[in-house]
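**Q** Once you've had a glance at the structure underneath, I'll fire off some questions.
We did not get these values from a lab; they are worked out from the coordinates using the rules stated. Treat the numbers as computed from the prediction; the structure is a model and nothing was measured. Cβ: placed from backbone, ideal geometry, glycine included. Neighbour counts: every protein chain shown.
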Amino acid sequence: MNSDQLVHRTHHTHNEEQHDPILQPPQNKPPTPIRSFSTDPIRYMLREQRLLFVLIGVAIATLFFSAFPLTNPEPASSLSSPLLHDPTRDPAFESGSVLPTRRILLEGLGSMNVGGKVPLGLKSKSQRIVVTGGAGFVGSHLVDRLIARGDSVIVIDNFFTGRKENLAHHFGNPKFELIRHDVVEPILLEVDQIYHLACPASPVHYKFNPTNVVGTLNMLGLAKRVGARFLLTSTSEVYGDPLQHPQAETYWGNVNPIGVRSCYDEGKRTAETLSMDYHRGLGIEVRIARIFNTYGPRMCIDDGRVVSNFVAQALRKEPLTVYGDGKQTRSFQYVSDLVEGLMRLMEGNHVGPFNLGNPGEFTMLELAQVVQDTIDPNAKIEFRPNTEDDPHKRKPDISKAKELLGWEPTVSLRKGLPLMVTDFRQRIFGDSKDNSNAIANAEAASTKMFA
């Protein structure tokens, strides 16, 4: 092969390689276009300008919340936030020298400007309420009223003086709970209100198991933790053997601090002190009721109190035991009247203390006469030596409760005692006669004046 042919073939092969579409793309193919804002604006913004979108979103949110704040701003001179509230500017603080309550601190004054008082039984929403000693005489009647009003009730009781039978008609109710617990031990619950009734109230029981101070301290601790309103059921015994008659809440009492009744008398006085300390020092909402002699169905039959003693003795055909000369006086209120007063106190705006009792005054001999007339006119009266530190006179001044709570008792002794007798007769003798209608009539009578 000559050189001319070699050159020609080489040149020919080189030209074929240049135009072979497999080996090399043609020189005239247009290049891949570069995306820009003008060619694909939406995809460009989403992929290439994400940071810009984030900044724009932050700016829009800032402008929106600046223009439409979650809460209306207050003037600089008024309360702008509950957390910045100055308690020394609160009118309640200035008038009563008391720290604002936890409810005020949490809700602010603006949320509390509600005109008028909501009547009992017409509350807008149910509450979660704990009743210590709720299986007892007074506590069980209080539970009945709270459940009927629509509240959820938790009863705490160690059954030292209380009975499950007093609450059996609520078993199965989803709004009712019963916890066997002694309040001398702490307990954790979430509640709105605390009715603290857990304490033996008769001499037979409180001398055996005084629990005033520790139980009250634990319940006040619970009220502090959950911000609940706390009602203490104190007693007329804080007046001791009074030198003032009738007894007003301003009277400081005449109590023997080392006598046989002092565990109850001084225990309740200490409970009042603790309650006021928690109120003044920690802003806890506190209510204090000083309860005078109360009677009615579900009382303990042999608890040593004068009404239950006389009724049980008359039913059993035993002599009515009168201690001393029988001239010492007491005042007796029916249990439904007391429950009405407790609920009005709890829902009201006043701390107290308030006397809750019937100002009708009876000597022990007069009470024995009423029991004779009601049960057995032939019942005998037997005199025995008087007990130590027995008060000579006891009559409440309830003018404060009338004025501030709109409360006064409505069931007289001669009207209420037969209802208690019906209950005692059924429990002592197993009388199957239904006494529910009689008790219901008394409850209706006790609330008639408030309808």
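**Q** Listing ASP151, ASP302 from the residue with the fewest other Cβ atoms within 10 Å to the one with the most, what is the order?
**A** Going from sparsest to densest Cβ surroundings: ASP302, ASP151.
**Q** Order these peptides, 394-404, 263-273, by their mean beta-carbon neighbour count within 10 angstrom, highest first.
**A** For the peptides 394-404, 263-273, the packing ranking is 263-273, 394-404.
**Q** Just from the alpha-carbon atoms, what are the Rg and Dmax of the range 160-281 in angstroms?
**A** Cα radius of gyration and Dmax of the range 160-281 are 16.1, 50 Å respectively.
**Q** Taking 24 Å as the cut-off for C-alpha to C-alpha distance, list the pairs among LYS125/LYS164; LYS268/LYS393; LYS164/LYS268 that go past it.
**A** LYS125/LYS164; LYS164/LYS268
**Q** Dipole size in debye (nearest 20) for the range 217-369 around its Cα centre, Lys and Arg Cβ +1, Asp and Glu Cβ -1?
**A** In total the dipole reaches around 380 debye.
**Q** How far apart, in nanometres, would the label points at PHE383 and ARG316 be if each is projected 7 angstrom from Cα along the Cα-to-Cβ direction?
**A** 2.4 nm
**Q** How big, on average over all directions, is the shadow cast by the Cα convex hull of the range 265-357, in nm²?
**A** Result: 7.6 nm².
**Q** Within the range 158-193, which GluC sites (Glu not before Pro) sit in a loop by DSSP and count at most 12 neighbouring Cβ atoms inside 10 Å?
**A** The qualifying sites are GLU190.
**Q** How long is the gain from VAL226 to ALA59 if the chain were fully straight, where each residue apart is worth 0.36 nm and the alpha carbon distance is subtracted?
**A** Extending this stretch completely gives an extra 56.1 nm.
**Q** Give me the net charge of ASN293's neighbourhood, meaning all other residues with Cβ under 9 Å from the Cβ of ASN293; Lys, Arg count +1, Asp, Glu -1.
**A** +3
**Q** Spin-label point model (7 Å from Cα, Cβ direction): what's the THR270 to HIS392 distance in nm?
**A** Here the answer is 2.9 nm between the modelled labels.
**Q** What is the order of PHE424, PHE68, PHE160, PHE354, fewest Cβ neighbours within 10 Å to most?
**A** PHE68, PHE160, PHE424, PHE354
**Q** Another question about this same structure. Largest first, please: the extent of the C-alpha atoms of the range 149-192 along each principal axis, to the nearest Å.
**A** Principal-axis extents of the range 149-192 (Cα, largest first): 29, 26, 15 Å.
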